[in-house]
Amino acid sequence: MDLSLNEDQELIKASVEKFIMESYDSECRRKTIKNNLGSDDKIWQQFAELGWLGLPFLEKDGGFGGDSMDLNILMESFGKGLVVEPYISTVILSGSILSLCPEGEIRNKIISNIICGKNKVSFAFAEPTSRYNLKDVSTTAEVDNNKWVLNGHKSVVFGAGQSDFIIVSARTKGERFDEEGISLFVIEKDNEGLYIQDYPTVDGFKAAEVKLNNVQLPSNQLISTENKAISIINHSINKTLLAVAAEASGIMSKMYEMTLEYIKTRKQFGIPIGKFQAIQHRTVEMLILSDEMNSLASMAALKADSEEALKSIYASKIHIGIGGRKLGQEAIQLHGGMGVTEEMDIGQYFKRITMLDTFLGNSDYYLGAYSKLS
Amino acid sequence: MNLIFSQEDLKFKEEVKDFIIKNLDKNTQKKIIDGHHLSKDDLVNWQKKLHEKGWMAPNWPKEYGGTGWSITQRYIFDEECGAAAAPSALPFGVTMVAPVIIKFGTDLQKSKYLPRILSSDDWWCQGYSEPGSGSDLASLSTKAEKVEGGYIINGTKTWTTLAQHADMMFILVRTNSDCKPQEGISFMLLDMKAPGVSVKPIITLDGGHEVNMVYLENVKVPDENLIFEENKGWTVAKYLLGHERTSIAAVSRSKKALSKVREIAKLNINGNSTLNEDSRFMDKVTKCDVRLQALEYAELKSISDDVKGIPPGPEASMLKIRGSEIQQEITELVLEASGYYANPYQPNIMDTGNNEPLIGPDWSSAAAPKYFNTRKTTIYGGSNEIQKNILAKMVLEL
């Protein structure tokens, strides 16, 4: 057993920390949010050059074959820098889906275009009333004249408005909640019948409502095995949760640090408020919550390919909702009025950690899922 | 002791209900239900309706235009306004500065300001906090220098709620620096249109413009605008704090918001079920409800004392602590219920003239901003930490 980083991992860590430090300050991030395009092309290109867009892909697909711990290291720093570029939606979530689909011309082309930074991709799975149930798919795909015809409404699809391709889960067989009968399709952004209603999210990202109105696709745009996509979806979501946990870990440790700094400098009653024991104990609790997040995210990354993978992945997601929320609320409270201003960065982190709970299933959802694991 | 309504009370309840139905603007009501910000007009229109009916000031003595209601009537009125999602009157005038003017004001101050508060012709704001003086309010440094006929004020006030609309500010200023901090503070009424006053927005986490910085540069306040005596402002401020007590717990509003959560839980938005069937979620709703019931009784006791003229004690701090926490918990529940639809950011969607379609259900359209914004309730009005200090000192005598 060895819990220290190896040489390659130290290199990734150093390069991403350097990037955040030198090229991704709060002003740069706020500029990206303000331009309302979801990302900054120059920065996305830098991601490509630094090899991050290819990190999780297999070498046979042109990637770097990074493992879960490599991803953890990258995402933790992204969390600290509060990166708003659509890395999770394109590279991790859509990237995992594509990687798990059988090889084919379209799949391979999109993967290499992701890696070089040419294309962005979104995965559209949630529907207006599906909440976190991935099997709740009402969007339909039917065969008509050797073409697939898709109809339905996918909700809150992250990055969809800026993506070149949308991957959609649709029902090719069975009833609304059946596990069997879900398939994956790739749709080009300007395909007829595809309507994308783009909007900003409360934490600075971009998402969209995706409506499919008789979208016609040639047969090769079915990219999964027909009717058998649910396991690909589940695997991809679980892989994404590893990244989300690492991001949360970075966010929480940064929020703890910022709060510690604040209570050392903010003076009331003639002394820094950090001198008050009531404040000290609460800040120590934040340290523990942040440390727990780091532990759970690291454990999940290390166990990603083991039999206990789900247990540790779910545990980390549960802690985002419970521990992350608590830490976030305390960080704002200890910043007092300043904490609720748009101007202070602490609030930007608070918004992101809050919204991460809603992403891919909240803490209640995974408490239920965890309890059902044997 | 009993909680029974008489026939007359029940008649009054019907009268309140009827008034609200006839006078409450539907769009204003919808904004409140869905957690959106109200405009100045939304609020003033409602307050003017209340004034026409003579119901603007339940907390004032009758001789000044108060309602003269019994504790039961005040309870019923609050309850019905909460249940119907009617706005609460802006507190700075009617709830905060008015009781101060009634208690300490000169005849001139009473006749000049009270009628304009009742009619909502003046919009008041509160000039207490400063960048360096939040929880430690007594350390405030905005200076008032005595000159012929009045004072010259210099300094900066912050977190001034809705100062962008304000005609008047009640302000705490330092008139003496050579004494204990509390003993050199005065309470004054400042005209926001006076030369030297400038207001700069502070945008909050939800993207809203509710609070402001107010810069005061050589602003002249005439002698007649001093309340009570010079250097006795702390006494006035403490009196004011006690009179905030009945509105601070926000019980009827929280009851309405929580009942809305129960309605949301009945919707089929949870994959193949409703949140109603999810005991993890519903237990949280119920726990919140339990605390709200306890708070309701505590608030009633407080109103009862108020009606009998018993001066407020430190229990107001308990109401503030729990009331603010419950408001926050409810916004958490709506946020959780929203799932993915908590993500779209759609400010101004409810503004008059905006025809853009809403993303997701109405009730979730402001869930996240409302949650972000409501973090303020445990910070403002004396942070909950300060309230606990007060209780530790006054009740626990530690």
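The values are calculated or read from the model by the stated rules, or taken from the named source; none is laboratory data. Not measured: the values here are computed from a predicted model. Every residue, glycine among them, receives a Cβ derived from its backbone with ideal geometry; neighbour counts consider all protein chains shown. Note: areas computed on protein heavy atoms with side chains; ligands, DNA, RNA excluded. Shrake-Rupley method; radii C 1.70, N 1.55, O 1.52, S 1.80 Å.
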Revision key, fill the gap. The Cα extents of the protein assembly as shown along the principal axes, largest first and rounded to whole Å, are 88, 59, 48
Study note, to complete from the structure: Inter-part gap, Cα centre of region A:240-282 to Cα centre of region B:33-70, in whole angstrom, is 42
**Study point:** FRET efficiency for A:LYS326 and A:SER231, using Cβ-Cβ distance with R0 set to 35 Å, rounded to 0.05
**Key:** 0.55
Review point. What is the P(r) of chain B, as percent of Cα-Cα pairs per 10 Å bin from 0?
Key: 5, 21, 31, 27, 13, 3, 0, 0
Revision key, fill the gap. For chain B, whose charge dipole is built from +1 on Lys and Arg Cβ atoms and -1 on Asp and Glu Cβ atoms, the candidate among B:ALA316, B:LEU24, B:GLY35 with its Cα farthest towards the positive end is B:ALA316
Check your understanding: Using 1/(1 + (r/R0)^6) with R0 = 41 angstrom and r between the beta carbons of A:ALA369 and A:LEU3, what's the FRET efficiency to the nearest 0.05?
Key -> 0.90
Exercise for review: Treating each Cα of region B:1-65 as an identical point scatterer and ignoring solvent, apply the Debye formula and state log10 I(q)/I(0) at q = 0.14, 0.23, 0.24, 0.25 Å⁻¹.
Suggested key: -0.58, -1.06, -1.09, -1.11
Review point. Relative to the Cα centre, what is the charge dipole magnitude of region B:309-398, using +1 at the beta carbon of each Lys and Arg, -1 at the beta carbon of each Asp and Glu, and rounding to the nearest 20 debye?
Key: 320
Check your understanding: What is the local net charge at A:VAL202, summed over the other residues whose Cβ is closer than 11 Å to its Cβ (Lys, Arg +1; Asp, Glu -1)?
Key -> +1
Review point. In degrees from 0 to 90, rounded to the nearest 10, what is the angle of the helix B:71-83 Cα long axis to the longest principal axis of chain B?
Key: 60
Exercise for review: Could you check the simple spin-label distance between B:ASN23 and A:ASN108, using points 7 Å along Cα→Cβ, in nm with one decimal?
Suggested key: 7.5
Point to revise | Relative contact order, percent, region B:7-89 [alpha-carbon distance under 8 Å, six or more residues apart] | key: 38
Revision key, fill the gap. Projecting the Cα atoms of A:GLN280, A:THR259, A:ILE320 onto the charge dipole of region A:231-372, where Lys and Arg contribute +1 and Asp and Glu -1 at Cβ, the residue farthest towards the positive end is A:GLN280
Study note, to complete from the structure: Distance in nm between B:ALA138 and A:SER295 label points, each 7 Å along Cα→Cβ, equals 4.3
Review point. Cα-Cα over 19 Å: which of B:LYS238/B:LYS393; B:LYS103/B:LYS143; B:LYS40/B:LYS320; B:LYS260/B:LYS301?
Key: B:LYS103/B:LYS143; B:LYS40/B:LYS320; B:LYS260/B:LYS301
Practice item. Could you tell me the distance between the Cα centroids of region A:146-175 and region A:181-197, to the nearest Å? Key: 4
Check your understanding: According to the Cα gyration tensor, what semi-axes, each the square root of 5 times an eigenvalue, does the equivalent ellipsoid of region A:58-205 have, listed from largest to smallest in whole Å?
Key -> 26, 19, 15
Review point. Assigning unit charges at the beta carbon (Lys, Arg +1; Asp, Glu -1) and nothing else, what dipole magnitude in debye, to the nearest 20, does the protein assembly as shown show about its Cα centre?
Key: 1540
Check your understanding: With a Cα-only, solvent-free Debye model of chain A, what are the log10 I(q)/I(0) values at q = 0.09 Å⁻¹?
Key -> -0.51
Study note, to complete from the structure: Expressed in angstrom and rounded, the centroid-to-centroid distance over alpha carbons for region B:194-225 and region B:286-339 is 31
Exercise for review: Along Cα→Cβ, 7 Å out, is where each label goes; now give me the distance between the ones at B:ASN176 and A:ARG30 in nm to one decimal.
Suggested key: 4.3
Study note, to complete from the structure: With Cα coordinates, the longest principal axis of chain A makes an angle with the long axis of helix A:105-115, in degrees rounded to 10, of 20
Review point. Quick one: how many Å² of B:PHE104 are accessible to a 1.4 Å probe, rounded to 10?
Key: 30
Revision key, fill the gap. Counting only DSSP loop positions in region A:84-157, the GluC sites (Glu not before Pro) whose Cβ has at most 13 other Cβ atoms within 10 Å are A:GLU103
Practice item. Determine how large the accessible area of A:SER249 is when every protein chain is in place; take a 1.4 Å probe and give Å² rounded to the nearest 10. Key: 0
Check your understanding: About the Cα centre of region A:231-372, what is the dipole size in debye to 20, counting +1 per Lys and Arg Cβ and -1 per Asp and Glu Cβ, all else neutral?
Key -> 240
Study note, to complete from the structure: Extension length gain for A:ASN146 and A:ASP190 (0.36 nm per residue less Cα distance), in nm, is 13.8 nm
Point to revise | Computed lengthening from B:LYS238 to B:LYS393, 0.36 nm per intervening residue step minus Cα-Cα distance | key: 54.2 nm
Check your understanding: Expressed as an acute angle from 0 to 90° and rounded to the nearest 10, what is the orientation of the C-alpha long axis of helix B:251-265 relative to the principal long axis of chain B?
Key -> 30
Study note, to complete from the structure: In this structure, the FRET efficiency calculated for B:LYS301 and B:VAL147 from their beta-carbon separation, with R0 = 60 Å, to the nearest 0.05, is 0.80
**Study point:** region B:90-198: Rg to Rh, with Rh as the Kirkwood radius over Cα pairs
**Key:** 0.95
Exercise for review: Quantify, in whole percent, the carbon and sulfur part of the accessible surface of chain B (1.4 Å probe; protein heavy atoms only).
Suggested key: 52
